[in-house]
Amino acid sequence: MGPLHYFFGVDVNRIDTGFFLSQTKCAEELLDRAGMVSCKPAATPIDTKGKLSSTSGASVSDPSEYYSITGALQYLTITKPDIVYAVQQACLHMHDPCECHLVVVKRILRYVRGTTAHRLHLRGTSTPTITAYSDVDWAGCPDTRCSTSRYCIYLGPAFVSWSSKRQATVSRSSADAEYRAVANAVAECIWL
């Protein structure tokens with residue numbers, strides 16, 4: 001079948017030091033579908049200072065558009081780990097999206113507009129070591145007061161796994177939330 005070039009919407013470019021993965025075509029199609037091809041790019045995918053409530057604002061007129069765009073953004077996280085947290089925040093409101101949630105999705109799309117040329121570089125290494133980083137937003141959800149855990153894992157110099165997920169229970173302290181985040185990252189490291 002020959003060398004891999006394209007697989008399920010992911011462009012694969014092989015170079016001497018590894019692979020470049022990108023989803024430029026998928027990102028362009030998503031921007032076209034959302035009517036944001038000529039939008040002004042945003043420097044960041046989300047405003048991390050403001051927290052969205054489930055009950056803030058009027059419901060969107062067409063929730064199916066919100067579901068479709070947010071689902072496509074989830075697919076883009078395969079090669080764009082920089083939007084994982086922002087997309088996770090948008091996905092938290094799938095049950096009843098409001099206008100302010102749609103504004104967040106459009107901000108992510110504006111960020112994607114400015115970063116369509118970015119690629120994920122997977123490199124080979126002769127000494128594979130696993131390095132993990134984790135973080136938590138203690139009691140960050142204004143509705144449930146649950147924390148959001150995040151981690152990213154490198155295998156050698158290659159960025160191979162990442163996650164942003166709301167914790168299932170409310171943590172009593174920031175240390176408790178941090179331990180849960182570290183436990184999730186360690187579990188992923190063991191699996192890898």
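The values are calculated or read from the model by the stated rules, or taken from the named source; none is laboratory data. Owing to the predicted nature of the structure, the values given are computational and were not obtained by experimental measurement. Note that we place each Cβ from the backbone using ideal geometry, even for glycine, and neighbour counts take in every protein chain shown. SASA here: full protein model, heavy atoms, side chains in, ligands and nucleic acids out. Shrake-Rupley method; radii C 1.70, N 1.55, O 1.52, S 1.80 Å.
Just a few scattered comments:
- The H on the amide N of VAL160, modeled in the peptide plane, is under 5 Å from the matching H of ILE153, TYR154, LEU155, each at least 5 residues off or on a different chain.
- Potential extension, TRP191-ASP62 segment - 0.36 nm per residue separation minus Cα distance: 42.4 nm
- Given their separation in residues at 0.36 nm each and the Cα-Cα distance between them, ALA168 and PHE8 gain 54.4 nm when the chain is fully extended.
- Kirkwood analysis of region 128-192, using all unique Cα-Cα pairs, places the hydrodynamic radius at 12.0 Å.
- Contact order for the chain, expressed relative to its length and based on alpha carbon pairs under 8 Å spaced 6+ residues apart, stands at 21 percent.
- Of the residues ASP143, ASP32, ranked by 1.4 Å probe accessible area with the largest first, the sequence reads ASP32, ASP143.
- For the chain, the convex hull spanned by the alpha carbon atoms encloses 140 Å³ per residue.
- Tail beyond 14 Å, pair distance distribution of region 83-132 (Cα, percent): 65 percent
- Taking LYS106, LYS40, LYS80 as the candidate residues, the one with maximal mean-square fluctuation in a Gaussian network model of the chain, Cα springs under 10 Å, is LYS40.
- Among the trypsin sites (Lys or Arg not before Pro) within region 1-82, those in coil by DSSP and having at most 12 neighbouring Cβ atoms inside 10 Å are LYS49.
- Only protein atoms count toward the accessible area here, which uses a 1.4 Å probe; on the chain, the carbon and sulfur part of that area reaches 58 percent.
- For the chain, the dipole from Cβ point charges (+1 on Lys and Arg, -1 on Asp and Glu) about the Cα centre works out to 260 debye, to the nearest 20.
- Solvent-accessible area per residue for the chain (1.4 angstrom probe, square angstrom): 56 Å²
- Cα gyration tensor of region 30-101 - equivalent ellipsoid semi-axes, whole Å, descending: 19, 16, 13
- The amide H of ILE130, built 1.01 Å from its N in the peptide plane, has GLY156 as neighbours under 5 Å, considering only residues 5 or more places off or on other chains.
- Each of MET1, MET94 has its accessible area taken with a 1.4 Å probe; listed largest first, they run MET1, MET94.
- The listed residues TRP191, TRP162, TRP138, once ranked by accessible area (1.4 Å probe) with the largest placed first, stand as TRP191, TRP138, TRP162.
- Cα-based Kirkwood hydrodynamic radius, region 82-192, one decimal, Å: 15.7 Å
- In the complete set of protein chains, residue-level accessible area for PHE8 is approximately 150 Å², probe 1.4 angstrom.
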